[in-house]
Amino acid sequence: PSSILREGAPLYFDWIDAGTALLHVGLGSDAFTGEVGLDGVLIDQPLSGSGLFRSASVSREGRYLAYIRAETGLTGQLVVAARDGSLTHDVPVKGPAAFVFDPTGDRLAMIAADSSVEQTGQLPIGPLRIIDAATGIERMLLDGPNFAFFWSPDGRTIATIRPAPPGGDVAAGAGVALVAAVEPRIPEATRGQAPGAAARLSFVDVSSGEIRSERFVLLTEDFVNALLPYFDQYALSHNLWSPDSASLLLPLVSATGRNQLVVVPADGSDPRPIADGSKGFWSP
């Protein structure tokens with residue numbers, strides 16, 4: 001029989017196992033983060049200080065979880081903890097953060113501002129870091145501003161969306177730079193003039209930190225406004241990566257202004273349009 005686990009908005013979740021979900025519901029002092037069974041009953045004490053973030057994350061085998069514990073405003077810590085209470089690692093954050101566990105293991109990727117941020121409406125933008133849940137060791141994977149990232153199914157590569165620098169090899173007038181600083185949304189005044197948002201797509205080797213390939217792309221308006229701001233939650237349920245970890249599927253704007261679903265290989269070979277459309281995902 002169906003049951004209501006929790007009500008509220010916003011509401012994000014990740015599955016721990018077939019009978020338990022980790023929920024994050026609401027914002028601020030009234031927010032709830034905790035483990036809930038299929039009957040809606042809280043399994044343990046709620047996690048204290050939910051912070052300003054979207055989706056809590058659980059490692060592949062359910063041993064570790066990650067969430068934000070707030071202090072004041074946007075400052076606080078990203079908490080990476082063993083669910084049995086045996087260890088906890090705290091990583092300071094100075095603004096909105098987004099994080100997702102490696103689909104094959106216990107490494108957590110995260111982006112967050114590396115300097116204090118004041119506006120509460122900002123999205124997570126910052127360097128891409130990797131945290132080992134077992135040791136707490138943190139390392140920089142890709143410096144500079146990153147808007148979103150996506151783990152490959154084999155855990156070897158991360159695809160990132162970054163701002164396109166001025167003068168990049170995108171056709172003149174082809175789009176609005178994604179780095180409209182605090183919020184990657186296409187300005188109302190440019191709609192109908194700019195067919196997409198210019199961005200740099202980079203494929204990064206997780207072990208070495210080397211960029212396997214990168215290219216400039218024009219992301220569709222719908223992708224930028226609907227999926228990109230909440231990529232960490234979509235990463236738990238929708239597959240942009242092909243099952244063999246070879247390619248990413250992105251909705252891009254063609255030279256003629258059409259929205260197309262394009263298979264973009266991670267090895268740098270030529271992209272392949274497969275259909276017109278603004279949303280598309282791979283089967284698991």
Single residue of segment 88-106 satisfying the filter (open to solvent by 60 Å² or more (accessible area, probe 1.4 Å) and either hydroxyl-bearing (S, T, Y) or closer than 21 Å to R156 by Cα (or both)) that is modelled with the highest pLDDT: T104
Any strands (runs of 3 or more DSSP E) falling wholly within segment 221-283 and containing at least 2 residues that are of a type in the set (S, T, N, Q) and surrounded by 14 or more Cβ atoms within 10 Å (Cβ to Cβ): 259-265
Where a residue in segment 90-104 is on the phi < 0 side of the Ramachandran plot and its partner, wherever it lies, is open to solvent by less than 10 Å² (accessible area, probe 1.4 Å) and among the polar types (S, T, N, Q), with Cβ under 6 Å and at least six apart: F99/S57; V100/S57; F101/S57; F101/S59
Set R69, R139: member being open to solvent by 30 Å² or more (accessible area, probe 1.4 Å), at pLDDT 90 or above and of a type in the set (K, R): R139
Only one of D154, D114 that is out of contact with any Phe, Trp or Tyr (no Cβ under 8 Å at 6 or more places or on another chain), modelled with pLDDT of 95 or more and in a loop (DSSP other than H, G, I, E, B): D154
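The values are calculated or read from the model by the stated rules, or taken from the named source; none is laboratory data. All values reported here derive from a predicted model rather than from experimental measurement. Cβ: placed from backbone, ideal geometry, glycine included. Neighbour counts: every protein chain shown. Keep in mind that these areas ignore ligands, DNA and RNA; they rest on the heavy atoms of the full protein, side chains included. Shrake-Rupley method; radii C 1.70, N 1.55, O 1.52, S 1.80 Å.
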